[in-house]
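Here is the structure we will look at.
The values are calculated or read from the model by the stated rules, or taken from the named source; none is laboratory data. Given the structure is predicted, the values throughout are model-derived calculations rather than measurements. A quick note on method: Cβ atoms are made from the backbone with ideal geometry, for glycine too, and the neighbour counts reach across all protein chains shown.
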Amino acid sequence: MKFAFLLAVLIAAGQQAAPPAPPPQGESPYRIAGRLPVRIMDLKVEPASIEPGQSVTLSWATENPTSVTIDPIGRVAPRGQEKLTPQVTTTYTLSVTGASNSSDKRSVTVVVKGTKPATSSADAASKVAKSVPRLSDGHPDFSGVYGYGAGGRGGPPPAPGSLPTTPVLKPGAEKFKIARAADDTGQYSTCMPPGIPQSFFVPYYIQVVQASKQIVIAHEYLNLHRIIPTDGRPHPPDPDPSWMGNAVGRWEGDTLVVDSIGYNDKTEINGYRHTESLHVVERISRPNFDTLQYEATIEDPNVFAGPWVIRRTFPLLPEYDSINEFVCENNRDYKPLFGK
């Protein structure tokens with residue numbers, strides 16, 4: 001996990017990263033298993049021949065995968081099953097990839113009597129599109145594990161007159177723009193919380209656990225989390241400054257609005273420092289089953305001339321039940337990894 005993140009930082013910086021060294025003697029079996037070749041243990045469909053309108057059960061099992069897809073279904077869990085109702089004779093192809101560029105592929109075919117084989121993914125579409133789940137209170141359920149955020153994709157274009165996506169410093173606030181020294185390895189090398197919204201920018205997964213009166217957003221990176229009440233309570237009168245701020249939530253239709261204050265001044269946002277007057281308003285929505293949309297409006301009257309906005313889109317990862325443990329060891333010099 002730690003090396004994967006440093007590798008991602010190196011790639012983002014345009015530097016050439018060396019491959020990981022072989023596992024040292026005595027390395028844990030868990031990490032060694034993560035480098036074992038992938039394989040498909042089972043793929044079957046029952047029944048294999050049906051009348052039009054009937055359903056089948058497709059089941060599969062894989063071992064040591066890093067990515068699992070079934071064409072024409074899409075991403076799936078390493079092991080599972082789906083109830084399908086193919087309209088035409090359809091071939092389902094399970095493809096898996098794993099460590100050391102290992103891969104495996106296997107196919108099964110469902111014969112729908114009186115039909116010709118599907119000639120495209122559209123013809124083979126047999127899985128009813130999943131709608132966004134909802135809780136008993138009617139609000140959309142955001143629960144799930146989501147992948148890395150992407151900017152500017154998956155959502156409508158900004159409306160005319162919308163907030164800028166680049167901050168403008170107020171006069172005299174130039175000192176808040178960060179100018180890194182050549183040997184500065186950046187904010188993420190210290191193992192300290194990056195704050196909000198920067199916790200959404202690291203290349204690690206996030207998990208949302210939702211109940212009727214609160215939502216938990218857990219970040220795999222540094223095992224950070226926030227418990228956000230959605231019962232209408234206000235901020236405390238004078239919250240103690242903290243890395244992740246004091247958050248309260250409310251619903252505006254199907255959009256969760258998270259209002260956060262009470263930050264300390266130890267974090268940075270897109271290359272700028274801030275003061276304890278930082279105010280972040282996040283808007284989170286789930287426009288479809290597979291996507292979480294995120295928007296953060298950032299204000300600090302001591303630093304920026306006006307509010308500005310950051311947008312990200314996070315894909316649902318149905319193959320994961322939970323995020324992993326993360327341990328950051330800040331007990332070594334990382335400069336050699338950056339060519340210093």
Q.
Of all residues being out of contact with any Ser or Thr (no Cβ under 8 Å at 6 or more places or on another chain) and surrounded by fewer than 15 Cβ atoms within 10 Å (Cβ to Cβ) in the stretch 94-112, which is farthest from T291 (Cα to Cα)? Just the residue, please.
A. S100
Q. Of all residues in the stretch 265-290 being touching a His at 6+ places or on another chain (Cβ under 9 Å) and touching a residue at least 40 places away in the same chain (Cβ under 8 Å), which is surrounded by the fewest Cβ atoms within 10 Å (Cβ to Cβ)?
A. E268
**Q.** Selection status of G172, modelled with pLDDT of 90 or more and under 22 Å from the mean Cα position of the chain (by Cα)
**A.** no
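Table: residues versus (1) under 23 Å from the mean Cα position of the chain (by Cα); (2) under 20 Å from I261 (Cα atoms); (3) not assigned by TED's automatic domain parsing to the domain that holds P193.
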residue	(1), (2), (3)
Q210	yes, no, no
Q214	yes, yes, no
H219	yes, yes, no
L222	yes, no, no
D231	no, yes, no
P236	no, yes, no
P241	no, yes, no
A247	yes, yes, no
**Q.** Residue list for the stretch 256-302, restricted to those being part of a strand (DSSP E or B), of a type in the set (A, V, I, L, M) and within 22 Å of D238 (Cα to Cα)
**A.** V257, V258, I261, V280, V281, I298
Q: Please indicate, with yes or no, whether at least one residue in the stretch 184-198 is among the acidic types (D, E), touching a residue at least 40 places away in the same chain (Cβ under 8 Å), on the phi < 0 side of the Ramachandran plot and out of contact with any Cys (no Cβ under 6 Å at 6 or more places or on another chain).
A: no
Q. Scanning for something of a type in the set (K, R) and at pLDDT 80 or above, does the stretch 98-105 turn up at least one residue?
A. yes
Q.
Taking the criterion of being without any contact (Cβ under 8 Å) to a residue 12 or more places away in the chain, more than 22 Å from P318 (Cα to Cα) and out of contact with any helix residue (DSSP H, G or I) (no Cβ under 8 Å at 6 or more places or on another chain), would at least one residue in the stretch 219-230 satisfy it?
A. no
(Q) Tell me yes or no: at least one residue of the stretch 184-194 is modelled with pLDDT of 95 or more, assigned to a loop (DSSP other than H, G, I, E, B) and within 20 Å of the chain's Cα centre (by Cα). (A) no
Q) If a residue has to be modelled with pLDDT of 90 or more, assigned to a loop (DSSP other than H, G, I, E, B) and either in contact with an Asp or Glu (Cβ under 9 Å, 6 or more places away or on another chain) or in the same structural domain as T91 (by TED's automatic domain parsing) (or both) to count, how many in the stretch 115-137 make the cut? A) 4
Q) How about the stretch 303-322: which of its residues are assigned to a loop (DSSP other than H, G, I, E, B) and out of contact with any helix residue (DSSP H, G or I) (no Cβ under 9 Å at 6 or more places or on another chain)? A) A305, G306, P307, L317, P318, E319, Y320, D321, S322
Q | Scan of the stretch 77-93 for residues that are surrounded by fewer than 19 Cβ atoms within 10 Å (Cβ to Cβ) and part of a loop (DSSP other than H, G, I, E, B), ordered by number | A | A77, P78, T85, Q87, V88
